[in-house]
Structures are given as structure tokens and as C-alpha cells.
1. List the residue ranges in the chain for DSSP H helices whose C-alpha atoms run 20 angstrom or more along the long axis and whose Kyte-Doolittle average is 1.6 or above.
2. Check which residues have an amide H placed less than 5 Å from GLU129's amide H, if you skip close sequence neighbours.
3. Pop a pseudo-label 7 angstrom from the Cα along the beta-carbon direction at both ILE71 and ILE99 and give the gap in nm to one decimal.
4. If we count GluC sites (Glu not before Pro) as exposed when they sit in a DSSP loop and have at most 14 other beta carbons within 10 Å, what is the longest stretch of the chain that avoids them all?
5. Projected area of the chain, taken from the Cα convex hull and averaged over every viewing direction, in nm²?
6. Provide the solvent-accessible area of ILE73, counting protein heavy atoms only and rolling a 1.4 Å probe, rounded to the nearest 10 Å².
7. Which of THR114, THR96, THR55 moves most in a GNM of the chain, Cα contacts under 10 Å?
8. With only Lys, Arg, Asp and Glu charged, each at its Cβ (+1 for the first two, -1 for the last two), find how big the charge dipole of the range 30-163 is about the Cα centre; round to the nearest 20 debye.
Amino acid sequence: MMIKLKLEKLVPIHVNILGYILIFIGFYNLKKLFIEIYYLPISLICIIIGMFLSTAKTGIIIDKVNNKFKICIFFIGFEIGYWKPLNRFRKISILTKNIGLKAYSKGQRSTTFTNKVFEIYMLTENHRERIILKRYKDKDKATVFAQDIAHQLQMELNVYSPS
């Protein structure tokens, strides 16, 4: 049983937009391929880098059958990462986190915007080591996911309390 969980985009939105611009430049240079052949490597490099910047996501793959997991980058069907043993992780927990954004006006007055998110983690026995599985804005959805993944992985749903 393989569980693939995609968490979030690898790069921020402005770098994501740069990726789309590079894709456009790459395809634009492919039109010039009929004039000069040296446009081909430039075009391919721009397209590949642009596709990586615009589509890459971070996440985790859990293989319960072989008792291992892989924190990886998902990119156009590829999964880049290394396998690690799963046997140290025994518990699932939900942690609440405030994610903030600070914005400045022309007069350098700051305004802070905060959002509460609920993150589901896989924990070791003593809760010292944790790996994020998923992030939700809604507590009910986070609870349902945590119960479901704990059942699938045959782990205990627990309250976070490091010792």
C-alpha cells in the first residue's frame, strides 16, 4: 500500500510566475529553431527549468508494505527523494499553528495577517522527531484526515507532548 501526499508548491508564487515566463521564452525560441540550430539547447533548458519552477511540489510517499517512507519533490511524474525506514514513527498528531504575513504601507506602518492552520504529523515514540503529512485550514477536515491516516498506517492518534 503506497500513500502519496502532496503538501505544497516548492517555490513561492513569484518564482512560480518566473517558471511560466521561462516556459514561454523556451517555446518562443523553438520557433527560431528553423533559422539557427543553437536555439535548441537554450529552448530546452528554459522549458525544463520553467516546468520545474512552475509545477514542483513537496510531499511524502509512505510504503506501509515495505515499512519505509520518502520525503520527496514531485515533478512531472518524477518523485525525487530517498527512502528511509518507517519503523521509528508510531503516532499521528494534529498541531495547531499560526501562519502570519506582515505587510508594510508607504508610511512603513506594519499590518500582520494571521491564519490558523492544522498540521498533521507523524511522530516518534518520544515526540521529538516529526514529519508533516498534510496541512488544513479547517479543524474538522484535519481531524478526519488524521483519523483516516492513523487507521491506514495502523498508528495511534495521539496528543502532541514531547518528553
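The values are calculated or read from the model by the stated rules, or taken from the named source; none is laboratory data. The model shown is predicted, which means the values in this text are computed figures rather than measured ones. Don't worry about glycine lacking a Cβ; one is built from the backbone with ideal geometry, like all the others, and counts go over all protein chains shown. What goes into the accessible areas is simple: the full protein's heavy atoms, side chains included, and nothing from ligands, DNA or RNA. Shrake-Rupley method; radii C 1.70, N 1.55, O 1.52, S 1.80 Å.
1. Flagged H segments are 39-55.
2. Close amide H contacts, sequence-distant or interchain: THR124.
3. So the two model labels end up 1.7 nm from each other.
4. Values: sites that count: GLU36, GLU125, GLU129.
The longest such stretch corresponds to 37-124.
5. Values: hull surface 56.9 nm².
With every direction weighted equally, the projected area is 14.2 nm².
6. Approximately 50 Å² of ILE73 is accessible to the 1.4 Å probe.
7. Per the Cα network of the chain with a 10 Å cutoff, THR114 tops the list.
8. Numbers: 22 positive and 10 negative charges, 98 e Å.
For the range 30-163, the charge dipole is close to 460 debye.
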